Amino acid sequence: MNTDERTEGFEKRAREVFNESVAALDARTRSRLNHARQAALDELRTPQRRTWRGWAPAGAFAVAILAAVLLLRAPDDATPPQVAEGSAADVGVVEIVASGEDLDLASEDLEFYDWLARQPDAVRNGNG
Amino acid sequence: MASSDTVPVQPARPEVAVTVDREEVCLDESETLDRFLAGVERRAFRIAEMAVRDRDDALDIVQVAMLRLARNYAARPSEEWKPLFYRILYNGIRDWQRRRTVRSKIFGFLPGSRRDDDEEQDDPLERVSDGAPDAVRQLMTGEAMKHLERALDLLPARQREAFTLRCLEGMDIAETATAMGCTAGSVKTHYFRALQTLRAQLGEVW
(Lines give C-alpha, C1' and ligand atoms only; values in the text may rest on other atoms or scores of the structure.)
Protein backbone atom coordinates (compact mmCIF):
# COMPACT_ATOMS: atom_id res chain seq x y z
CA MET A 1 0.00 0.00 0.00
CA ASN A 2 1.61 3.28 -1.12
CA THR A 3 1.36 6.69 0.55
CA ASP A 4 -1.55 7.89 -1.56
CA GLU A 5 -3.58 4.80 -0.77
CA ARG A 6 -2.82 5.13 2.93
CA THR A 7 -3.83 8.80 2.81
CA GLU A 8 -7.06 7.96 1.03
CA GLY A 9 -7.78 5.25 3.55
CA PHE A 10 -7.21 7.66 6.40
CA GLU A 11 -9.47 10.29 4.84
CA LYS A 12 -12.17 7.71 4.24
CA ARG A 13 -11.98 6.49 7.83
CA ALA A 14 -12.16 10.06 9.18
CA ARG A 15 -15.24 10.77 7.06
CA GLU A 16 -16.96 7.58 8.20
CA VAL A 17 -16.33 8.31 11.86
CA PHE A 18 -17.56 11.87 11.50
CA ASN A 19 -20.64 10.84 9.51
CA GLU A 20 -21.58 8.29 12.14
CA SER A 21 -21.18 10.84 14.93
CA VAL A 22 -23.52 13.13 12.98
CA ALA A 23 -26.04 10.31 12.49
CA ALA A 24 -25.90 9.54 16.20
CA LEU A 25 -27.15 12.98 17.25
CA ASP A 26 -29.90 12.76 19.85
CA ALA A 27 -33.50 13.71 19.16
CA ARG A 28 -33.42 16.78 21.39
CA THR A 29 -30.52 18.34 19.52
CA ARG A 30 -32.12 17.53 16.17
CA SER A 31 -35.34 19.16 17.32
CA ARG A 32 -33.52 22.30 18.43
CA LEU A 33 -31.71 22.48 15.11
CA ASN A 34 -35.02 22.16 13.33
CA HIS A 35 -36.44 25.07 15.34
CA ALA A 36 -33.37 27.15 14.57
CA ARG A 37 -33.80 26.43 10.86
CA GLN A 38 -37.48 27.42 10.93
CA ALA A 39 -36.56 30.68 12.66
CA ALA A 40 -34.03 31.42 9.92
CA LEU A 41 -36.60 30.65 7.21
CA ASP A 42 -39.18 32.88 8.91
CA GLU A 43 -36.67 35.67 8.58
CA LEU A 44 -36.56 35.03 4.85
CA ARG A 45 -40.34 34.86 4.50
CA THR A 46 -41.00 38.21 6.20
CA PRO A 47 -38.57 40.67 4.65
CA GLN A 48 -40.70 43.77 5.32
CA ARG A 49 -40.71 43.18 9.07
CA ARG A 50 -36.99 42.60 8.93
CA THR A 51 -36.44 45.96 7.18
CA TRP A 52 -38.43 47.83 9.80
CA ARG A 53 -36.65 46.07 12.62
CA GLY A 54 -33.33 46.70 10.95
CA TRP A 55 -33.85 50.45 11.17
CA ALA A 56 -35.31 50.44 14.69
CA PRO A 57 -31.97 50.56 16.58
CA ALA A 58 -30.67 53.36 14.34
CA GLY A 59 -33.91 55.33 14.89
CA ALA A 60 -33.75 54.85 18.64
CA PHE A 61 -30.13 55.98 18.64
CA ALA A 62 -30.96 59.09 16.62
CA VAL A 63 -33.83 59.99 18.99
CA ALA A 64 -31.56 59.52 22.00
CA ILE A 65 -28.88 61.78 20.49
CA LEU A 66 -31.49 64.44 19.64
CA ALA A 67 -32.90 64.34 23.17
CA ALA A 68 -29.43 64.63 24.66
CA VAL A 69 -28.59 67.63 22.45
CA LEU A 70 -31.87 69.36 23.33
CA LEU A 71 -31.33 68.78 27.04
CA LEU A 72 -27.79 70.09 26.95
CA ARG A 73 -28.75 73.19 25.00
CA ALA A 74 -31.98 73.93 26.84
CA PRO A 75 -30.60 76.06 29.77
CA ASP A 76 -28.81 78.48 27.41
CA ASP A 77 -31.73 78.87 25.05
CA ALA A 78 -34.32 79.21 27.82
CA THR A 79 -32.71 82.32 29.35
CA PRO A 80 -32.55 84.96 26.67
CA PRO A 81 -31.09 88.32 27.73
CA GLN A 82 -33.68 90.14 29.85
CA VAL A 83 -33.98 93.85 29.02
CA ALA A 84 -36.21 95.69 31.47
CA GLU A 85 -37.86 98.98 30.71
CA GLY A 86 -35.78 101.98 31.69
CA SER A 87 -32.69 99.90 31.83
CA ALA A 88 -30.88 102.27 29.47
CA ALA A 89 -30.66 104.87 32.30
CA ASP A 90 -29.38 102.18 34.68
CA VAL A 91 -26.78 101.21 32.16
CA GLY A 92 -25.76 104.86 31.86
CA VAL A 93 -25.30 105.16 35.63
CA VAL A 94 -23.29 101.98 35.72
CA GLU A 95 -21.10 103.27 32.89
CA ILE A 96 -20.46 106.54 34.68
CA VAL A 97 -19.56 104.82 37.94
CA ALA A 98 -17.46 102.24 36.17
CA SER A 99 -15.57 104.84 34.13
CA GLY A 100 -14.24 106.46 37.33
CA GLU A 101 -15.20 109.93 36.07
CA ASP A 102 -14.79 112.76 38.59
CA LEU A 103 -18.16 113.37 40.21
CA ASP A 104 -17.04 116.53 42.11
CA LEU A 105 -18.12 118.71 39.15
CA ALA A 106 -21.69 117.69 39.74
CA SER A 107 -21.54 118.50 43.45
CA GLU A 108 -20.07 121.99 42.80
CA ASP A 109 -22.93 123.11 40.49
CA LEU A 110 -25.82 121.58 42.34
CA GLU A 111 -27.74 124.88 42.35
CA PHE A 112 -27.31 125.20 38.59
CA TYR A 113 -28.57 121.71 37.95
CA ASP A 114 -31.49 122.29 40.31
CA TRP A 115 -32.43 125.45 38.37
CA LEU A 116 -32.01 123.62 35.08
CA ALA A 117 -34.33 120.88 36.16
CA ARG A 118 -37.06 123.36 37.01
CA GLN A 119 -36.90 125.10 33.59
CA PRO A 120 -39.44 124.24 30.83
CA ASP A 121 -38.25 121.78 28.16
CA ALA A 122 -37.87 124.46 25.52
CA VAL A 123 -35.33 126.37 27.70
CA ARG A 124 -33.47 123.21 28.56
CA ASN A 125 -33.08 122.32 24.89
CA GLY A 126 -31.72 125.81 24.13
CA ASN A 127 -34.73 126.90 22.07
CA GLY A 128 -36.01 129.52 24.45
CA MET B 1 -55.66 64.14 -31.32
CA ALA B 2 -57.51 61.87 -29.01
CA SER B 3 -54.96 59.17 -29.37
CA SER B 4 -52.08 61.52 -28.35
CA ASP B 5 -53.82 62.43 -25.04
CA THR B 6 -54.58 58.93 -24.00
CA VAL B 7 -52.44 57.54 -21.21
CA PRO B 8 -51.25 54.05 -21.89
CA VAL B 9 -52.98 51.73 -19.46
CA GLN B 10 -51.01 48.86 -18.00
CA PRO B 11 -52.83 45.61 -18.60
CA ALA B 12 -53.96 44.02 -15.36
CA ARG B 13 -53.07 40.44 -16.08
CA PRO B 14 -49.30 40.83 -16.49
CA GLU B 15 -49.08 42.62 -13.08
CA VAL B 16 -50.89 39.77 -11.40
CA ALA B 17 -48.60 37.35 -13.16
CA VAL B 18 -45.51 39.23 -11.95
CA THR B 19 -46.80 39.22 -8.36
CA VAL B 20 -47.50 35.53 -8.50
CA ASP B 21 -44.07 34.94 -10.00
CA ARG B 22 -42.40 36.84 -7.17
CA GLU B 23 -44.28 34.84 -4.58
CA GLU B 24 -43.31 31.65 -6.35
CA VAL B 25 -39.70 32.75 -6.48
CA CYS B 26 -39.80 33.54 -2.76
CA LEU B 27 -41.39 30.17 -2.01
CA ASP B 28 -38.89 28.37 -4.21
CA GLU B 29 -36.02 30.21 -2.56
CA SER B 30 -37.40 29.40 0.86
CA GLU B 31 -37.87 25.73 0.03
CA THR B 32 -34.42 25.46 -1.51
CA LEU B 33 -32.86 27.12 1.50
CA ASP B 34 -34.85 24.84 3.80
CA ARG B 35 -33.48 21.78 2.02
CA PHE B 36 -29.95 23.17 2.08
CA LEU B 37 -30.03 24.01 5.79
CA ALA B 38 -31.63 20.67 6.65
CA GLY B 39 -28.74 19.00 4.85
CA VAL B 40 -25.95 20.85 6.64
CA GLU B 41 -27.35 21.70 10.06
CA ARG B 42 -26.31 18.51 11.89
CA ARG B 43 -22.85 18.43 10.38
CA ALA B 44 -22.41 22.12 11.14
CA PHE B 45 -23.52 21.49 14.70
CA ARG B 46 -20.95 18.69 15.17
CA ILE B 47 -18.21 20.91 13.74
CA ALA B 48 -19.18 23.75 16.08
CA GLU B 49 -19.46 21.38 19.02
CA MET B 50 -15.99 19.98 18.34
CA ALA B 51 -14.62 23.53 18.28
CA VAL B 52 -16.34 25.02 21.33
CA ARG B 53 -16.98 21.88 23.42
CA ASP B 54 -20.38 23.11 24.54
CA ARG B 55 -23.66 21.90 23.08
CA ASP B 56 -25.72 25.01 23.83
CA ASP B 57 -23.07 27.37 22.51
CA ALA B 58 -22.66 25.20 19.41
CA LEU B 59 -26.42 25.37 18.81
CA ASP B 60 -26.35 29.16 19.19
CA ILE B 61 -23.49 29.45 16.70
CA VAL B 62 -25.30 27.29 14.14
CA GLN B 63 -28.54 29.21 14.60
CA VAL B 64 -26.82 32.55 14.07
CA ALA B 65 -25.09 31.18 10.96
CA MET B 66 -28.46 30.05 9.57
CA LEU B 67 -30.04 33.43 10.27
CA ARG B 68 -27.20 35.34 8.67
CA LEU B 69 -27.24 33.17 5.59
CA ALA B 70 -31.02 33.63 5.22
CA ARG B 71 -30.80 37.37 5.83
CA ASN B 72 -27.81 38.26 3.72
CA TYR B 73 -27.19 35.57 1.14
CA ALA B 74 -30.50 33.87 0.36
CA ALA B 75 -30.70 35.73 -2.95
CA ARG B 76 -27.31 34.41 -4.05
CA PRO B 77 -27.14 31.30 -6.25
CA SER B 78 -27.66 28.18 -4.15
CA GLU B 79 -24.30 26.77 -5.29
CA GLU B 80 -22.61 29.53 -3.28
CA TRP B 81 -24.48 28.79 -0.06
CA LYS B 82 -22.30 26.01 1.25
CA PRO B 83 -18.95 27.88 1.36
CA LEU B 84 -20.73 31.04 2.55
CA PHE B 85 -22.50 29.14 5.31
CA TYR B 86 -19.31 27.57 6.57
CA ARG B 87 -17.52 30.89 6.40
CA ILE B 88 -20.22 32.42 8.60
CA LEU B 89 -20.06 29.40 10.88
CA TYR B 90 -16.29 29.65 11.37
CA ASN B 91 -16.57 33.40 11.95
CA GLY B 92 -19.05 32.60 14.70
CA ILE B 93 -16.73 30.00 16.18
CA ARG B 94 -13.80 32.43 16.14
CA ASP B 95 -15.92 35.15 17.78
CA TRP B 96 -16.96 32.68 20.46
CA GLN B 97 -13.33 31.71 21.09
CA ARG B 98 -12.26 35.35 21.32
CA ARG B 99 -15.04 36.09 23.80
CA ARG B 100 -14.04 33.06 25.88
CA THR B 101 -10.40 34.21 25.93
CA VAL B 102 -11.37 37.71 27.06
CA ARG B 103 -13.78 36.31 29.67
CA SER B 104 -11.17 33.96 31.08
CA LYS B 105 -8.66 36.82 31.31
CA ILE B 106 -11.09 39.08 33.14
CA PHE B 107 -12.83 36.59 35.40
CA GLY B 108 -10.24 33.82 35.48
CA PHE B 109 -9.01 34.75 38.97
CA LEU B 110 -12.47 34.46 40.54
CA PRO B 111 -13.19 31.23 42.44
CA GLY B 112 -15.57 28.95 40.56
CA SER B 113 -15.12 30.80 37.29
CA ARG B 114 -13.45 27.78 35.65
CA ARG B 115 -15.77 24.97 34.82
CA ASP B 116 -14.57 21.45 35.16
CA ASP B 117 -14.81 19.37 31.98
CA ASP B 118 -16.85 16.78 33.85
CA GLU B 119 -19.43 19.40 34.77
CA GLU B 120 -19.94 20.26 31.11
CA GLN B 121 -21.16 16.79 30.31
CA ASP B 122 -24.92 16.53 30.17
CA ASP B 123 -26.93 13.53 31.08
CA PRO B 124 -25.55 10.71 28.87
CA LEU B 125 -29.04 9.30 28.43
CA GLU B 126 -30.01 12.46 26.57
CA ARG B 127 -27.33 11.74 24.01
CA VAL B 128 -28.46 8.27 23.08
CA SER B 129 -29.40 8.28 19.43
CA ASP B 130 -32.75 7.08 18.21
CA GLY B 131 -31.37 5.53 15.04
CA ALA B 132 -28.08 4.05 16.29
CA PRO B 133 -27.02 0.96 14.33
CA ASP B 134 -25.95 -1.00 17.38
CA ALA B 135 -24.38 -0.33 20.74
CA VAL B 136 -20.94 -1.84 20.07
CA ARG B 137 -20.53 -0.09 16.77
CA GLN B 138 -21.67 3.20 18.29
CA LEU B 139 -19.20 2.77 21.12
CA MET B 140 -16.34 2.11 18.74
CA THR B 141 -17.27 5.06 16.57
CA GLY B 142 -17.57 7.22 19.65
CA GLU B 143 -14.07 6.25 20.75
CA ALA B 144 -12.64 6.83 17.29
CA MET B 145 -14.36 10.23 17.17
CA LYS B 146 -12.90 11.17 20.54
CA HIS B 147 -9.41 10.38 19.26
CA LEU B 148 -10.04 12.44 16.15
CA GLU B 149 -11.37 15.37 18.19
CA ARG B 150 -8.35 15.32 20.49
CA ALA B 151 -5.97 15.22 17.54
CA LEU B 152 -7.87 18.06 15.81
CA ASP B 153 -7.65 20.11 18.99
CA LEU B 154 -3.88 20.03 18.79
CA LEU B 155 -3.80 21.40 15.26
CA PRO B 156 -3.44 25.11 14.48
CA ALA B 157 -6.85 26.66 13.77
CA ARG B 158 -6.36 27.09 10.02
CA GLN B 159 -5.17 23.51 9.56
CA ARG B 160 -8.16 22.29 11.55
CA GLU B 161 -10.53 24.31 9.34
CA ALA B 162 -8.90 23.04 6.16
CA PHE B 163 -9.11 19.41 7.29
CA THR B 164 -12.70 19.73 8.50
CA LEU B 165 -13.97 21.39 5.34
CA ARG B 166 -11.93 19.38 2.82
CA CYS B 167 -12.03 15.96 4.35
CA LEU B 168 -15.04 15.78 6.67
CA GLU B 169 -17.34 18.06 4.65
CA GLY B 170 -16.02 16.92 1.29
CA MET B 171 -15.68 20.42 -0.14
CA ASP B 172 -13.37 21.00 -3.08
CA ILE B 173 -10.39 23.33 -2.90
CA ALA B 174 -12.18 26.33 -4.41
CA GLU B 175 -15.12 26.01 -1.99
CA THR B 176 -12.78 25.54 0.95
CA ALA B 177 -10.81 28.63 -0.08
CA THR B 178 -14.03 30.68 -0.19
CA ALA B 179 -15.12 29.34 3.18
CA MET B 180 -11.74 30.05 4.75
CA GLY B 181 -11.27 33.40 3.02
CA CYS B 182 -7.85 32.46 1.64
CA THR B 183 -6.23 31.27 -1.58
CA ALA B 184 -6.38 27.76 -3.01
CA GLY B 185 -2.64 27.44 -2.41
CA SER B 186 -3.08 28.17 1.30
CA VAL B 187 -5.83 25.56 1.51
CA LYS B 188 -3.54 22.93 -0.05
CA THR B 189 -0.73 23.79 2.36
CA HIS B 190 -2.94 23.78 5.46
CA TYR B 191 -4.63 20.56 4.42
CA PHE B 192 -1.41 18.74 3.63
CA ARG B 193 0.13 19.67 6.99
CA ALA B 194 -3.04 18.74 8.86
CA LEU B 195 -3.18 15.39 7.14
CA GLN B 196 0.45 14.64 7.95
CA THR B 197 0.03 15.48 11.64
CA LEU B 198 -3.25 13.59 12.03
CA ARG B 199 -1.96 10.51 10.30
CA ALA B 200 1.10 10.52 12.51
CA GLN B 201 -1.08 10.78 15.63
CA LEU B 202 -3.98 8.53 14.70
CA GLY B 203 -2.42 6.09 12.30
CA GLU B 204 -1.74 3.50 14.95
CA VAL B 205 -4.88 4.11 17.02
CA TRP B 206 -7.14 3.71 13.99
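The values are calculated or read from the model by the stated rules, or taken from the named source; none is laboratory data. Predicted model only: the values in this text are computed from it and were never measured. Methodologically, a virtual Cβ is constructed for each residue, glycine included, from the backbone with ideal geometry; neighbour enumeration extends over all protein chains shown. The protein model used for the area step is the full one, side chains on, heavy atoms only, and it has no ligands, DNA or RNA in it. Shrake-Rupley method; radii C 1.70, N 1.55, O 1.52, S 1.80 Å.
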*Shape of segment A:3-45, Cα gyration tensor, a/c cut at 1.5*: oblate
*Please give the total accessible area that chains B and A bury against each other, computed with a 1.4 Å probe and expressed in Å² to the nearest 100.*
3800 Å²
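So what's the net charge close to B:Asn91: Lys and Arg +1, Asp and Glu -1, counting the other residues with Cβ under 13 Å from its Cβ? Present the calculation step by step, with values, prior to reporting the outcome.
Working: positive: B:Arg68, B:Arg87, B:Arg94, B:Arg98, B:Arg99; negative: B:Asp95, B:Glu161.
That sum, taken over residues with Cβ under 13 Å, equals +3.
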